[in-house]
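Readers should treat all values here as calculations from the given coordinates under stated rules, not as data from a laboratory. On a predicted model such as this, the values are computed, not experimentally measured, just so you know. Reconstructed Cβ throughout: ideal geometry from the backbone, glycine too, with neighbour counts over all protein chains shown.
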Amino acid sequence: MTTHQLGRGPVSPADSTEIASTATDHAGRRRPGGGDGWLFLSEALRTFRLTGAVAPSGVELVNALTVPATSRPERPISVLEVGAGTGVVTRRLVRVLRAGDRLHVVEPNPRFAQRLRTDEELARRGADLDLRLSTCRVQDLPGCGPPAAGEGGRDGDRSVAAAAERYDVIVSGLPFTNFDPVEVRRILDLYLRLLVPGGELTYFGYLGTSAARLLTSGPRQSARHRAVVRLLRGFEEEYGLGSRVAWRNVPPARAHLLRSPGTGEPGAGRTGTTAASADSPAGGVAASAR
């Protein structure tokens, strides 16, 4: 498990080779996200339980998932992205976040994590946003440890800071319906602990998966799937602000927006801030997510 500070230091020759092989067109020009479709498909076929899709999320779904980062208070915010894959949501986040904001990306798949480390856009924006990448499961935070030797970090207390860190926004790309209900419950409880009071969470699920699971996996897996769906529906009833269907996504998906209990006063959080209260600029995102 490693933590990598993006946007700090030169790209190594090995990294440059990977950039050239995965993200250029026939004329040798850089293609944003080039090669990601094949990488995503190969990893989906190899580790479908953890990947949960065969293609990166489309623009419509990405925009729905990043609503809390665009409808935000006029102050620095801290964002956690879990399950970044090849980085389609990550690249959207670095475009809408501002200098002084923080973005912590958690991606357990080493091949996806390497793709993120060699992404030129993420590296370019990394220093302004204090962007870092942890190659581990979110359940293992803050145990991902300090940055590896030579990987940066502005001080020697990165692991100590991570232990106390909480977030204004969490964007989750985890395929919950591939997991056991107990595991999903633990992750959802962890998200609530990681969010500041009034912090916001987005995640998504594909439409029609219950019927597909019954047809392809049999009664036992179908029952597990239904149990996870019931758990998620209960979580959404308690904390949900709204949802939006991305019909043009492949396959169509529903993005959910939720808020952690309580409201905060300015000055609480890891960097001296909390998520906005219900009557603040960030509190109006429910309408745009429905």
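Quick one: how many residues across region 70-88 are charged (D, E, K, R) and surrounded by fewer than 24 Cβ atoms within 10 Å (Cβ to Cβ)?
Counting residues in region 70-88 that are charged (D, E, K, R) and surrounded by fewer than 24 Cβ atoms within 10 Å (Cβ to Cβ) gives 2.
Hey, can you tell me all the residues within region 98-125 that are in contact (Cβ under 8 Å) with a residue 40 or more places away in the chain and of a type in the set (Lys, Arg)?
Arg102, Arg111, Arg115, Arg117, Arg124, Arg125
Restricting to region 216-266, name every residue that is β-branched (Val, Ile, Thr), surrounded by 16 or more Cβ atoms within 10 Å (Cβ to Cβ) and touching a residue at least 60 places away in the same chain (Cβ under 8 Å).
Listed by number, the list holds a single entry, Thr263.
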